[in-house]
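Every number here is computed from the coordinates shown, using simple stated rules; none is lab data. Given the structure is predicted, the values throughout are model-derived calculations rather than measurements. Here Cβ is always computed from backbone atoms with ideal geometry, including for glycine, and neighbour counts include all displayed protein chains.
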């Protein structure tokens with residue numbers, strides 16, 4: 001989380017949880033209000049239900065949410081709808 005101080009761009013980090021307790025682990029907001037949602041799963045597989053919180057965030061934020069990513073312990077990038085993807089955690093070190 002402290003890595004945001006290294007950037008020339010202004011970023012803030014948030015957490016999303018709604019009244020139903022659906023959540024997104026990290027929501028990154030840039031200085032223009034653009035958002036990226038990041039959910040982290042320890043599983044080697046990912047399912048549509050893993051995007052429940054992300055879909056609610058998308059419904060709430062609309063076009064401000066530029067990308068929703070579920071990071072998982074798999075091997076492939078998998079699309080899950082408009083602006084929603086599952087991506088292997090190993091992508092972070094490429």
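What to note about this one:
- As a proxy for reagent exposure, 85, 51 were ordered by neighbouring Cβ count within 10 angstrom, fewest first; the result is 85, 51.
- Value of Rg/Rh across region 2-93 [Cα atoms, Kirkwood radius]: 0.96
- For the chain, built as a Gaussian network whose Cα springs stay under 10 Å, the top-fluctuating residue of 62, 74, 37: 62
- Counting only DSSP H runs of at least 4 residues, each contributing -39500 (n - 2.57), and dividing by the residue count of the chain, the helix-based mean residue ellipticity at 222 nm comes to -3000 deg cm²/dmol.
- Straightening the chain between residue 30 and residue 76 buys 13.8 nm, computed as 0.36 nm per residue apart minus the Cα-Cα spacing.
- Relative contact order, percent, region 2-93 [alpha-carbon distance under 8 Å, six or more residues apart]: 21
- Among 23, 31, 39, the largest mean-square fluctuation in a Gaussian network model of the chain, built with springs joining Cα atoms closer than 10 Å, belongs to 31.
- Its Cα gyration tensor gives region 11-52 an equivalent ellipsoid, and the semi-axes of that ellipsoid, as √(5λ) in whole Å with the largest first, are 22, 13, 8.
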